[in-house]
1. Filter A:Lys48/A:Lys186; A:Lys422/A:Lys479; A:Lys48/A:Lys479; A:Lys388/A:Lys479; A:Lys186/A:Lys239; A:Lys48/A:Lys388 down to the pairs with a C-alpha to C-alpha distance above 29 Å, please.
2. What do you reckon, how do B:Val230, A:Val175, A:Val506 stack up by accessible area (1.4 Å probe), largest on top?
3. Quote the convex hull volume per residue of region B:1-66, based on C-alpha atoms, as a whole number of Å³.
4. By the scheme Lys and Arg +1, Asp and Glu -1, what is the net charge of all other residues having a beta-carbon under 13 Å from that of A:Pro358?
5. What accessible area, in Å² to the nearest ten, does a 1.4 Å probe give for B:Met1?
6. Mean separation of Cα pairs under 8 Å and 6+ residues apart, divided by the residue count of region B:259-318: what relative contact order is that in percent?
7. Among B:Pro160, B:Tyr232, B:Gly262, which residue has its Cα furthest toward the positive end of the charge dipole of region B:112-275, with +1 on Lys/Arg Cβ and -1 on Asp/Glu Cβ?
8. So what is the relative contact order of region B:112-275, in percent, for Cα pairs below 8 Å that sit 6 or more residues apart?
Amino acid sequence: MIRLGRIDFRGCVALAAALLAGCGGGIPDVEEATAQGVLLKGNGSEPKTLDPQVATGVTENKIISSLIEGLIAYHPTDDELPEPGVAERWEPNEDYSEWTFFLREDALWSNGDPVTAHDFVWSYERMLTPEFGAEYVEMLYSMENAEEFHRGELTDFSAVGVEALDERTLRIRLVGPTPFFLGMLKHYAWYPVHPPTVEAYGTGRLDRSSPWTLQGRFVGNGPFVLEEWRVNQYIRVTKSPTYWDRDRVRLNEIYFMAIEDVNTEQRMYASGRLHVTNTVPSNDISNLRRTRPDELRLEPYLGTYFYRFNTTRPPFDDARVRRALAMSMDREAIVNRVTLGDQTPAYAFVPPGFDDFPRRRLVAHDPEAARRLLAEAGFPEGHGFPRKFLLFNTLEDHRKIAEAVVSMWNRELGIDFQLENKEWRVYLEAQSQLDFDLSRAGWIGDYMDPITFLELWTSDNGNNNTGWSNERYDELIRKAFRSETQEEHYAALIEAEEILMEAMPVIPVYHYNRIYLIRPEVRGWNPKLLDNRPYKYLYLE
Amino acid sequence: MFRFIFNRILQSVVVIFIVVTITFFMVRLAPGDPFSSERRIPDYIQQRILEHYGLDRPAVEQYWRYLQGAAPKRFRPDKLFTEDPLLNAFGIDLGPSYTSARTVNQIIAETFPVSFELGAWALLIAILFGVSAGMTASVFRNTALDYVPMSVAMAGICLPTFVMGPILALIFGVWLGWFNVSGWFVPADRVLPAVTLGLVYAAVIARITRGGMLEILSQDFIRTAQAKGVPYGKIIFKHTLRGGLLPVVTYMGPALAGVISGSFVVETIFQIPGLGRQFVQSAFNRDYFLVLGTVSVYAVLITLANLTVDIVQVILNPRLRFED
């Protein structure tokens with residue numbers, strides 16, 4: 001009787017557990033998921049959209065790149081190499097100003113339609129139509145007449161440099177020679193969308209809040225298809241049966257978990273609910289180095305953390321003052337004692353990682369020389385230096401760095417800064433209206449070329465926000481955009497960066513690292529400078 | 001009584017209208033705009049986006065259009081459980097969200113039931129624990145059975161949910177593995193968030209119950225009952241509880257409001273897809289229509305809760321009358 005009772009008890013528990021699990025459709029834990037080939041990935045906050053032509057964020061990109069594939073795909077190990085996507089091969093003309101892409105025959109949308117060159121033309125027209133209001137449209141300005149069409153100076157789209165020669169041949173004419181064009185093409189602004197699906201929902205083609213991206217409607221051409229979208233919970237994608245390279249895809253499903261709070265993500269990882277986290281709370285890094293040394297990853301990320309001057313306000317209109325501040329900042333100390341995540345101290349603006357672009361120290365840590373410069377500028381030992389504000393958006397990590405930097409300036413130069421934090425959108429507004437003295441900022445590269453960091457500082461760039469401009473600099477960036485060879489392109493950028501660091505409208509502080517936890521079961525996950533994951537190469541073991 | 005209720009509903013409508021109006025203009029006066037991002041959008045693109053959402057029009061015109069959309073136009077209870085109940089059952093259109101592919105109607109329809117359920121569990125826990133602890137404390141006044149629950153209650157009031165939540169998740173989720181540390185999938189997922197949210201209110205209710213009970217216990221009619229030899233249990237449950245719980249009923253209005261609108265922290269800690277997160281996030285995102293939509297829902301809910309409390313109070317306390 002006793003034995004029977006025990007069995008009954010277990011049976012009841014199992015039954016109850018099955019019932020409980022059944023009614024909510026719970027998510028498997030890592031062990032179960034690994035066995036089923038299901039990747040559980042922490043993906044930050046809830047994505048705003050899955051329309052690649054409306055999306056602007058990293059969060060969205062990580063999901064969209066599993067659902068849609070562009071002409072060129074992400075390479076599994078090297079961000080600088082092109083990997084064939086929808087295009088199986090391509091031919092640039094002699095000066096790299098015209099590119100012909102040959103689309104593969106077996107590229108299909110998830111509803112079975114073939115992916116054609118016309119789909120790309122249609123997508124780019126949608127993106128470039130002014131009424132659509134695509135935020136990332138400037139990525140497409142490298143096509144001939146694209147900017148003119150988008151600004152409404154030209155109304156005939158056939159004049160824009162994109163053309164379907166036939167179903168499977170796409171020709172793109174650029175405004176000038178662009179040897180790094182293939183790198184740009186990996187960006188989701190260049191992804192195609194499925195015209196009949198987009199047309200079918202909302203008010204059609206130009207509806208930027210169209211619900212075509214919702215569960216049950218989404219049609220893509222990537223290695224995975226959208227299976228389920230539970231708001232503020234997860235997005236589940238499953239292996240696509242129509243993807244041309246489906247035999248290579250080894251994961252059956254991916255859960256992109258929307259997790260707002262990094263501490264919650266940490267607890268989920270600790271309790272075996274995630275294979276890989278989006279990030280790690282900065283306070284936990286030292287602890288995790290001890291407790292999970294094999295799972296903690298600290299990998300270079302193509303980005304720079306910096307301070308920007310408002311050069312229209314004295315005394316920051318004087319390059320000597322700007323350089324003095326930059327030279328008295330001890331970046332090693334910031335990285336080793338404040339940020340604690342093995343970030344690279346930044347002595348130039350362009351982050352390391354480009355094979356042929358030299359890494360240089362364009363600003364030294366030299367407090368002695370900094371004091372001399374400041375004295376030359378009229379503030380010996382900081383005397384007479386006005387009290388200025390250092391602006392940052394409200395976040396504990398930014399405050400710590402700002403406090404360290406301000407105390408360095410106080411010690412080395414004898415000048416005082418007041419910290420000023422603002423809520424994110426208020427902070428953005430202050431920056432864009434030049435309503436600040438000195439402000440914290442960051443920039444992540446859009447594609448693998450140093451120009452995505454250096455083009456920011458031209459006179460007419462909307463992201464400049466320093467009031468600084470330099471004719472020679474503008475000319476060099478223009479030249480870099482039109483160079484026929486990589487050498488010429490880099491030569492212009494190298495000189496431009498020297499000018500930038502001489503004038504110092506921005507102080508580079510450190511280059512970002514991606515800091516996250518990953519379980520040993522996840523294979524094929526390589527360090528990537530842009531954090532682009534070609535999901536089809538991932539597997540679990 | 002019906003006159004009373006009718007008048008109160010009329011008042012509520014006015015209150016909600018005022019709340020919507022103030023919110024509409026306040027949110028537009030807040031610095032920062034909904035479409036700013038770290039990568040700055042050129043002005044002419046921004047202009048197109050504003051046009052798409054009608055934000056380029058004068059504020060008064062936007063306000064008028066919003067009111068037209070948001071005003072209830074019909075009542076079809078049979079359509080309450082369709083995909084967009086606000087639109088189908090009431091004819092309410094709360095506009096688009098700037099940060100989602102879903103409309104404000106859809107967002108509220110998806111998230112409100114979750115927050116409501118969370119709030120209901122939390123209140124249930126608060127009442128069960130609070131009332132029993134408060135009763136015990138008042139009956140065994142100035143003994144260990146009074147001091148211990150009241151000290152725990154004091155600690156409960158002092159410990160904010162953002163401290164309590166992670167502690168519970170760590171102990172019962174990570175270490176013991178009894179519950180999931182986050183999520184809203186299986187019924188067991190309700191336990192930790194509901195306890196976290198309910199404990200604070202349980203503590204307050206315990207203190208209020210104790211106070212209310214003690215006040216009644218010291219009154220003459222209780223002494224009379226004791227003198228007549230009425231059993232002690234009957235005195236407590238029949239004669240004391242009814243009056244002693246009146247302050248708790250009064251507190252239920254604010255508690256309900258607090259549980260529902262204050263669920264933001266708990267929803268974030270436990271990754272629950274509720275309305276509280278939408279409410280706070282929409283303010284950070286300057287997602288104007290979503291701010292308005294969530295504020296309106298809360299306004300309706302809180303006025304309804306207060307109305308209910310008023311009615312229940314009169315029913316429980318014969319000394320009160322329905323008066324305007």
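1. Where the Cα-Cα span goes over 29 Å, the pairs concerned are A:Lys422/A:Lys479; A:Lys48/A:Lys479; A:Lys388/A:Lys479; A:Lys48/A:Lys388.
2. So, going from the largest accessible area down, we get A:Val175, B:Val230, A:Val506.
3. Normalising the Cα hull of region B:1-66 by residue number yields 107 Å³.
4. -3
5. 100 Å²
6. Relative contact order of region B:259-318: 22 percent.
7. The residue sitting farthest along the positive end of the dipole is B:Tyr232.
8. For region B:112-275, the relative contact order is 37 percent.
The values are calculated or read from the model by the stated rules, or taken from the named source; none is laboratory data. Just so you know, these numbers come straight off a predicted model, no measurement behind them. Counting neighbours? That spans all protein chains shown, and the Cβs are built from the backbone with ideal geometry, glycine included. With ligands, DNA and RNA removed, areas are computed over all heavy atoms of the protein, side chains included. Shrake-Rupley method; radii C 1.70, N 1.55, O 1.52, S 1.80 Å.
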